[in-house]
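Engineer: Handing you this structure, nothing more for now.
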Amino acid sequence: MIDEIKKIATQNKKIVAIGEIGLDYHWNQDNKELQKTAFIKQIELANELQLPIVIHSRKAQEDTIQVLKQVKVAKKGIFHCCALKGDSIKQAIDLGFYLSFAGPITFKNSKNADEMISQTPNDRILIETDSPYLSPEPYRGTRNDPRNVKFMAEKIAQVKNIDIETIAEMTYENAEKIFNIK
Ligand SMILES: [Zn+2]
């Protein structure tokens, strides 16, 4: 299985990252050690393939950061659908990672959106849909698709006080850089 993946990834230029990989304690708390072991093995695979990682981290931010401190990630990566709080935001940035924001930053009840956005440097910020899930306001609850990234860009523009065209260019360039797709 793993050899198969390595073979496909080396032969196909369209494979630009390994992910989503990471820790999810929302759905399962009984297998934390197993999840960490799998996460580390997947990071090792990404390192071997010289690809960045796309991290899924849900209700597990401390452990996620701890793994990333323990295991060097060669080509760094992205916190997808980022929901980091407090110190973890700075730690993720300091470790060299990008933060990618999805629909929840536009939700009226989002507690940490402004904090995350304002603490993320312009050259580390990305936007995504997580389609078909997590549609932003004003389409929350409906099927998501890439047309909706503009609502994330709008929110970031507003918090950072930068025009939306600049946000669009910045996030485009950041995506080219982290995925090495220029
Ligand atoms: Zn995810």
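Engineer: Using only protein heavy atoms and a 1.4 Å probe, report how much of Glu48 is accessible, in Å² to the nearest 10.
Structural biologist: 120 Å²
Engineer: Convex hull over the Cα atoms of the range 90-179, averaged projected area in nm²? Mind dumping the intermediate values first?
Structural biologist: Working: hull surface 22.6 nm².
Value for the range 90-179: 5.6 nm².
Engineer: Ignoring ligands, DNA and RNA, how do Leu95, Leu134 rank by accessible area with a 1.4 Å probe, largest first?
Structural biologist: On the way: Leu95 40, Leu134 60 Å².
In descending accessible area the options line up as Leu134, Leu95.
Engineer: For Gln119 and Ala74, calculate 0.36 nm times their separation in residues minus their Cα-Cα distance, and state this gained length in nm to one decimal. Could you put the intermediate results ahead of the total?
Structural biologist: Working: separation 45, 0.36 × 45 = 16.20 nm, distance 2.37 nm.
That pair, Gln119 and Ala74, stretches by 13.8 nm at full extension.
Engineer: Could you please state, rounded to a whole Å, how far the C-alpha centre of the range 48-79 is from the C-alpha centre of the range 120-182?
Structural biologist: Here the answer is 21 Å between Cα centres.
Engineer: Leaving out same-chain residues fewer than 8 places away, which lysines sit with a Cα under 24 Å from that of Lys69?
Structural biologist: Those lysines meeting the cut-off are Lys32, Lys36, Lys41, Lys59, Lys85, Lys90, Lys177.
Engineer: Show me 80-88, 37-45, 161-169 ranked by packing, highest mean number of other Cβ atoms within 10 Å first.
Structural biologist: Numbers: 80-88: 18.9, 37-45: 16.6, 161-169: 13.0.
Per-residue mean Cβ counts within 10 Å order the peptides as 80-88, 37-45, 161-169.
Engineer: Can you compute the helix-only [θ] at 222 nm over the chain? Use -39500 (n - 2.57) per DSSP H run of at least 4 residues, normalise by all residues, nearest 500 deg cm²/dmol. Don't skip to the end; give the middle numbers.
Structural biologist: Details: 7 runs with 81 residues, N = 182.
Mean residue ellipticity, 222 nm, calculated: -13500 deg cm²/dmol.
Engineer: Quick check: net charge around Ala9, other residues with Cβ under 12 Å of its Cβ, Lys/Arg +1 and Asp/Glu -1? Don't jump to the answer; show the numbers that get you there.
Structural biologist: Numbers: positive: Lys6, Lys7, Lys13, Lys14; negative: Asp3, Glu4, Glu48.
Local net charge: +1.
Engineer: Using a Gaussian network for the chain with springs between C-alpha atoms less than 10 Å apart, which of these wobbles most: Phe101, Phe79, Phe151?
Structural biologist: Of the options given, Phe151 has the highest mean-square fluctuation.
Engineer: By its C-alpha gyration tensor, with a ≥ b ≥ c as the square roots of the eigenvalues, how is the range 5-140 shaped: rounded for a/c under 1.5, else prolate for a/b larger than b/c, else oblate? Each step should come with its number before you reach the end.
Structural biologist: Values: a/c = 1.57, a/b = 1.40, b/c = 1.13.
In terms of gyration-tensor shape, prolate.
Engineer: Oh, and also: To the nearest 10 degrees, how steeply does helix 149-160 sit against the main Cα axis of the chain, on a 0 to 90 scale?
Structural biologist: 70 degrees
Engineer: Under a point-charge model restricted to the Cβ atoms of Lys and Arg (+1) and Asp and Glu (-1), what is the dipole moment magnitude of the chain relative to its Cα centre, in debye to the nearest 20? Provide the component values of the computation, followed by the final result.
Structural biologist: Values: 26 positive and 25 negative charges, 31 e Å.
Once rounded to the nearest 20, the dipole reads 140 debye.
Engineer: Still on this structure: Picking from Asp94, Asp114, Asp30, which is most flexible by a Gaussian network model of the chain using Cα springs under 10 Å?
Structural biologist: Of Asp94, Asp114, Asp30, the most mobile in the Gaussian network model is Asp30.
Engineer: Measure nothing but the geometry: give the 0 to 90° angle between the long axis through the Cα atoms of 61-70 and the longest principal axis through the Cα atoms of the chain, rounded to 10°.
Structural biologist: Tilt of helix 61-70: around 50 degrees.
Engineer: Also: Can you work out the accessible area per residue across the chain, with the rest of the protein chains kept in place, probe 1.4 Å, in square angstrom?
Structural biologist: Numbers: 10560 Å² over 182 residues.
Accessible area per residue, the chain: 58 Å².
Engineer: Further, regarding this structure: At 1.4 Å probe size, put Thr64, Thr129 in order of accessible surface, largest to smallest. Walk me through the intermediate numbers first.
Structural biologist: On the way: Thr64 0, Thr129 20 Å².
These residues rank, largest area first, as Thr129, Thr64.
Engineer: For Lys155, go through the aspartates and glutamates and keep the ones whose alpha-carbon is under 16 Å away, minus same-chain ones fewer than eight residues off.
Structural biologist: By straight Cα distance, Lys155 reaches Asp114, Glu115, Glu128, Glu137, Asp163, Glu165, Glu169.
The values are calculated or read from the model by the stated rules, or taken from the named source; none is laboratory data. Note that the structure is predicted; figures quoted are calculated from it, not measured. Cβ coordinates were reconstructed from backbone atoms using ideal geometry, including for glycine residues, and neighbour counts include every protein chain displayed. In case anyone asks, the SASA skips ligands and DNA or RNA and just uses the protein heavy atoms, side chains included. Shrake-Rupley method; radii C 1.70, N 1.55, O 1.52, S 1.80 Å.
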